[in-house]
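What follows is a short report on a single structure.
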Amino acid sequence: MTEEPNGEPRAAQEPMSDIVRGDLAARGTALSLALGFETLTDRACAMRAPFRADLVGDPAEGGLAGGVIFALLDQTCGMAISHALRARAEAEGRELRPGGMATLDFRLDHIRPPRPGAAVIGEAECLRLTGDIAVVRGWAYEDAASDPIAAAQAAFMITNLPPGVVAPQGWRA
Amino acid sequence: MSEGARHPSAGPALLAAWPYARFLGVRLEAGEAGPIAVLPFDPKLIGNPILPALHGGVVASFLELAALARLDAEGRRARTIDITVDYLRPARPVAFYAEARILKLGRRAANVAVEAWQDDKASPVAALRGHFMILS
């Protein structure tokens, strides 16, 4: 169990989306707030990008821009790593170290254009967490994961906070 | 400058026509060897407020738009097939610049490489390689 800012103990197997709701508020992750991302609590690591006319890519196609889907999957891949880090800390019976993660590389394949006017859901899972490197994959869809819009594959480096930087109360990777 | 000349049928410049490009605030400036994409800093672009650093999704979006704008400047309307973004250094909360190079422009697809920097062009912050389907 890890101690959350509000003092409620949480289990690692609890949906990350529930935890991240609080984390997002604590971090003020400006881009995800500016894009209107919403966490989904019925899946482990999932967020929805609501459709917005100001986030459309090619106006001739009318769907959310590829960059919005990239940002959505980058965010959910980060959630999946946080989820894995919590599980590892819990399994090792130690406190979660404050820190962050840095994307090393991120590949996004666009399988088909998103439908005009449709919200897009992004989900991710951590395939492997070694000492400092996490390998994750993510996928995006409107209605069903079996009909994907895009697929992501990425590697992240787990980082400790740089010297002199103080994590705020309740900060978690 | 024939390098940046727009095809008569290309329509309005991509960065002005795409709502998401306007949302981010990406624009083009003339560089020595062709157009340079510029992303002025805005607090909404932050992904990590502790460092602080730009969001990885902003970095990728900016580089992808730089590639699409480069193809647009050649009069080609394109759709992204795949992109790979390498994150080389932390993207600090300052202006971001990107230069796109078309490595191959075929009839059906193009391969484009983008390098992006902040203060020092010799120390790139991120790089993109991608394939783009040529629509017209």
In nm², what is the average projected area of the convex hull enclosing the Cα atoms of the stretch B:12-134?
-> 7.0 nm²
Assign unit charges at the C-beta atoms only (+1 for Lys and Arg, -1 for Asp and Glu), then state the dipole size of the stretch A:11-160 relative to its Cα centre in Debye, rounded to the nearest 20.
-> 240 debye
Helical mean residue ellipticity (222 nm; -39500 (n - 2.57) per DSSP H run of 4+; nearest 500) of chain B = -6000 deg cm²/dmol
Max mean-square fluctuation residue, GNM over chain B, Cα-Cα springs under 10 Å, options B:Ala91, B:Ala113, B:Ala122 = B:Ala122
Packing-ranked peptide list from A:67-78, B:125-136, highest mean Cβ count within 10 angstrom first, is A:67-78, B:125-136
Once the dipole of the stretch B:12-134 is set up with Lys and Arg at +1 and Asp and Glu at -1 on Cβ about the Cα centre, which of B:Val59, B:Pro43, B:Pro19 lies farthest towards its positive end?
-> B:Pro19
Taking every other residue with Cβ under 14 Å from the Cβ of B:Ile134 and scoring Lys and Arg +1, Asp and Glu -1, one gets +4
Please report, in cubic angstrom per residue, the volume enclosed by the convex hull of the alpha-carbon atoms of the stretch A:11-160.
-> 105 Å³
For the stretch B:80-115 and the stretch B:120-136, distance of Cα centres in Å | 1 Å
Averaged over residues of B:14-20, the number of beta carbons from other chains lying within 10 Å of each residue's Cβ is 5
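State to the nearest 20 debye the size of the charge dipole of the stretch A:43-125 about its Cα centre, where the only charges are +1 on K and R beta carbons and -1 on D and E beta carbons.
Here the stretch A:43-125 has a charge dipole of around 200 debye.
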Please order A:Phe51, B:Phe41 by the number of other Cβ within 10 Å, starting at the fewest.
-> B:Phe41, A:Phe51
If you place +1 on the Cβ of every Lys and Arg, -1 on the Cβ of every Asp and Glu, and leave all else neutral, what size is the dipole of chain B about its Cα centre, to the nearest 20 Debye?
-> 480 debye
Which residue, B:Glu32, B:Glu64, B:Glu99, tops the fluctuation ranking in a GNM of chain B built on C-alpha contacts under 10 Å?
-> B:Glu32
Most fluctuating residue given options B:Phe62, B:Phe23, B:Phe96, as computed from a GNM of chain B linking Cα atoms under 10 Å = B:Phe23
Roughly how many nanometres apart are two label points built 7 Å out from the Cα toward the Cβ at A:Asp105 and B:Ala17?
-> 3.2 nm
Relative to the first principal axis of the alpha-carbon coordinates of chain B, what is the inclination of helix B:56-73, with its axis defined by its Cα atoms, in degrees from 0 to 90 and to the nearest 10?
-> 20 degrees
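Each reported figure results from applying straightforward, stated rules to the coordinates on display, with no laboratory input. Fair warning: this is a prediction, and the values are worked out from it, not measured in the lab. All Cβ positions, even for glycine, are placed from backbone atoms using ideal geometry, and neighbour counts span all protein chains on display.
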